[in-house]
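Have a look at the structure below, then the notes.
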Amino acid sequence: MKPSEMSAGLINRRSEIMSDNSDTPEDNPEASISSRIRARVKSARQRFHANDNISEFIEPGELEALVDEVTSKMKGVLESLVIDVDSDHNTQDTARRVAKMYLTEVFRGRYVPAPPVTEFPNAEYLNELMIVGPIKVRSACSHHFCPIMGRLWIGLMPNEHSNLIGLSKYARLAEWVMSRPQIQEEAITQMSDLLMKKVAPDGLAVVMEADHFCMHWRGVKDTGAKMINSVMRGSFLKDAALRREFLSLINLKD
Ligand SMILES: [Zn+2]
């Protein structure tokens, strides 16, 4: 490239920054890794709410770089909390521990693609109610980043065109959706959409019962309250007897 072309390229890039003042373009090596990823998501006009998966915008090696970036920001939070991170042996590595925990464990479902799930054709034409659960739910609320611990049940009414997936895969898919900052109502809707797409059943029911630690640890400090949500689709919506059968079989009182 001739020097004159290079400077023209630079000017163009700068005018891009000026016209889109929300973010630095993704190819700017000066930009933080999060702002480069954010710029890609925005230019694809995708949503990046707390419970959205953004894995398709993250390139190899960038997750590790994000851990470094969050570590330094988290260290700033600890410093603003007036915690002596230099002398206090307990909190010296807390910033990195929290960054790793967020990105590679508890919020991992935002940053990695869906787990591989093999779908089998419904060769036996199964068309009886099938229930999977309880599946352990571990999540955190988007409002306070406090844990949400609970249980999830899935009811499926397959038809001859449905796909069947291995039992353990339901738990893997649930873990992928739940390991993001979540809102219980939205979490079960995301779970239902995913299962409708993968299994294509006649009917689908998803019930989640959970403890929200932002109600125990802070706020009203209520220890007994649980939140129960359900999503019913297809035959579960139309058929009250099927819905009753599902709800009596999962027997939430346990
Ligand atoms: Zn909360």
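Tabulated data for the structure shown
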quantity	calculated
Candidate set from segment 135-157 (those that are surrounded by 17 or more Cβ atoms within 10 Å (Cβ to Cβ) and more than 16 Å from the ligand (Cβ to nearest atom)); member that is nearest to F246 (Cα to Cα)	G155
Identity of the residue in segment 183-228, farther than 17 Å from F145 by Cα and of a type in the set (S, T, N, Q), that ends up nearest to the ligand (Cβ to nearest atom)	T223
Segment 214-241, residues that are buried (at least 16 other Cβ atoms within 10 Å of the Cβ) and under 20 Å from C141 (Cβ atoms)	C214, M215, H216, N229, S230, V231
Verdict on E56 being closer than 27 Å to N163 by Cβ, away from the ligand (no atom under 16 Å from the Cβ), surrounded by fewer than 16 Cβ atoms within 10 Å (Cβ to Cβ) and at pLDDT below 95	no
Counted residues, segment 37-94 - those being over 30 Å from Q184 (Cβ atoms) and touching a Leu at 6+ places or on another chain (Cβ under 7 Å)	2
Those residues of segment 180-209 which are in contact with a Ser or Thr (Cβ under 9 Å, 6 or more places away or on another chain) and over 13 Å from R233 (Cβ atoms), in sequence order	R180, P181, Q182, I183, Q184, E186, A187, M208
Number of positions in segment 158-168 that are open to solvent by less than 40 Å² (accessible area, probe 1.4 Å) and either in contact with a Gly (Cβ under 6 Å, 6 or more places away or on another chain) or of a type in the set (S, T, N, Q) (or both)	2
Checking M208 against (1) more than 22 Å from the chain's Cα centre (by Cα); (2) modelled with pLDDT of 95 or more, the condition it does not meet	(1)
Total residues in segment 218-242, condition of a type in the set (D, E, K, R) and modelled with pLDDT under 95	4
Residues of segment 169-188 satisfying the condition of being surrounded by fewer than 16 Cβ atoms within 10 Å (Cβ to Cβ) and within 12 Å of the chain's Cα centre (by Cα)	none
Cβ-Cβ under 6 Å pairs, at least 6 apart or on other chains, segment 128-157 side in contact (Cβ under 8 Å) with a residue 24 or more places away in the chain and assigned to a strand (DSSP E or B), far side of a type in the set (S, T, N, Q) and within 16 Å of the ligand (Cβ to nearest atom)	S139/Q182; I148/S139
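The values are calculated or read from the model by the stated rules, or taken from the named source; none is laboratory data. Being a predicted model, the structure only gives us computed values, none of them experimental. Here the Cβ is made from the backbone with ideal geometry for all residues, glycine too, and neighbour counts use every protein chain on show. Note: accessible area is taken over every heavy atom of the protein model, side chains too, but ligands, DNA and RNA are not part of it. Shrake-Rupley method; radii C 1.70, N 1.55, O 1.52, S 1.80 Å.
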